[in-house]
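The values are calculated or read from the model by the stated rules, or taken from the named source; none is laboratory data. Here the structure is a predicted model, which is why all the values come from computation and not from measurement. Cβ placement follows ideal geometry from the backbone for every residue including glycine, while neighbour counts extend to all protein chains displayed.
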Amino acid sequence: NAGVMQNPRHLVRRRGQEARLRCSPMKGHSHVYWYRQLPEEGLKFMVYLQKENIIDESGMPKERFSAEFPKEGPSILRIQQVVRGDSAAYFCASSPGISYEQYFGPGTRLTVT
Amino acid sequence: AQTVTQSQPEMSVQEAETVTLSCTYDTSESDYYLFWYKQPPSRQMILVIRQEAYKQQNATENRFSVNFQKAAKSFSLKISDSQLGDAAMYFCAYRIRDSGAGSYQLTFGKGTKLSVIP
C-alpha cells in the first residue's frame, strides 16, 4: 500500500503567481488534512476535507487560499497571488475515517521569490 | 483552545545514552490522544509513539517510552540507547479523541532539535 503522495516536492513561485499543491491519500482513505510548517515552527492545521466536502477550514487564511478534495483525483491546496510569507513546507495527512490515525506525506516545500 | 509547549528548542545526547524530551499541554478536554513525531532532515513526519489519555499505563515502543502525567498535563519522551539515526526534530502533538461532528486536527508544539553525539 503506497503511502501518502504529495507533489511537487519542491515548488518555486514568483510573487503574484499561483501555487497548486497536490495530495494523493493512501488507498482507502477518504479524509485529508493540510498543515503548514513555517521555518523553525511546528505544523499548524489549515483545513480538513472529506471527499467533496470541506469539514473544517478554521486554520485557513481568509484570502488567497482554497482547498478541494474532488470525488476523483487528489486533494488540491491552491494559493493565489503568492507572497514571500507563504514560503513554507505544506504537509498533507490522510486517514481512513474519523478519529483514525493520520498518515503524513513527505510535504511540498514552497519557495516564493 | 488547546496548546502544546515544548520548552527545549535543542537537546543533545551521547550515543548509547538516554535523553528525555519535555512537553506540556493545555486542554479542558478529558479524553484525548498525545503523540510524539520525529522529523528527520528528509522532513517526513514519522509517528514515534502514541498515548491515549484514558490509559494510565505509559506507552512504550522499543527504545522509546513516555512519562504521561495527566494531572500535570505533561507528556515527556524518553529515548534509551540513543542512536545516530535518532537525530531529528521531535514534535509533541495533541488531538481530541471524539469531537462529535468536528475535525480531528493535530495541535503541534514548536519542536525540539535532538543531536546525537558519536
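Here's a check for you: in region A:56-93, which residue that is polar (S, T, N, Q) and modelled with pLDDT of 95 or more is farthest from B:Asp98 (Cα to Cα)? Write out each step before concluding.
Step one: of region A:56-93, the residues polar (S, T, N, Q) are A:58, A:66, A:75, A:80-81, A:87.
Remaining after also requiring modelled with pLDDT of 95 or more: A:66, A:75, A:80-81, A:87.
Details: A:Ser66: 26, A:Ser75: 24, A:Gln80: 34, A:Gln81: 37, A:Ser87: 33 Å.
Ranking the qualifying residues of region A:56-93, first place goes to A:Gln81.
Can you list the strands (runs of 3 or more DSSP E) found entirely within chain B that contain at least 1 residues being within 11 Å of chain A (Cβ to nearest Cβ) and aliphatic (A, V, I, L, M)? Steps first, please.
Values: elements: B:3-5, B:10-14, B:19-21, B:24-26, B:32-39, B:46-52, B:64-69, B:74-79, B:88-96, B:112-117.
Where strands (runs of 3 or more DSSP E) fall fully within chain B and carry at least 1 residues being within 11 Å of chain A (Cβ to nearest Cβ) and aliphatic (A, V, I, L, M), they are B:3-5, B:46-52, B:88-96.
Pairs needed: first member in region A:19-38, within 24 Å of B:Phe91 (Cα to Cα); second member anywhere, in a loop (DSSP other than H, G, I, E, B) and aromatic (Phe, Trp, Tyr); C-beta distance under 7 Å; at least 6 residues apart or different chains.
Once the first residue is within 24 Å of B:Phe91 (Cα to Cα) and sits in region A:19-38, its partners that are in a loop (DSSP other than H, G, I, E, B) and aromatic (Phe, Trp, Tyr) give A:Val32/A:Phe69.
When you scan region B:1-42, how many residues do you find that are closer than 17 Å to B:Cys92 by Cβ and small (Gly, Ala, Ser)?
Let us first name the residues in region B:1-42 that are closer than 17 Å to B:Cys92 by Cβ, namely B:1-11, B:19-27, B:29, B:32-40.
Applying the additional criterion that residues be small (Gly, Ala, Ser) yields B:1, B:7, B:22.
Total meeting the criteria: 3.
Out of B:Phe75, B:Phe108, report the one residue that is crowded, with 19+ Cβ neighbours inside 10 Å, under 25 Å from A:Arg109 (Cβ atoms) and not charged (D, E, K, R). Full working, then the answer.
Values: B:Phe75 fails: under 25 Å from A:Arg109 (Cβ atoms).
Exactly one of B:Phe75, B:Phe108 is crowded, with 19+ Cβ neighbours inside 10 Å, under 25 Å from A:Arg109 (Cβ atoms) and not charged (D, E, K, R), namely B:Phe108.
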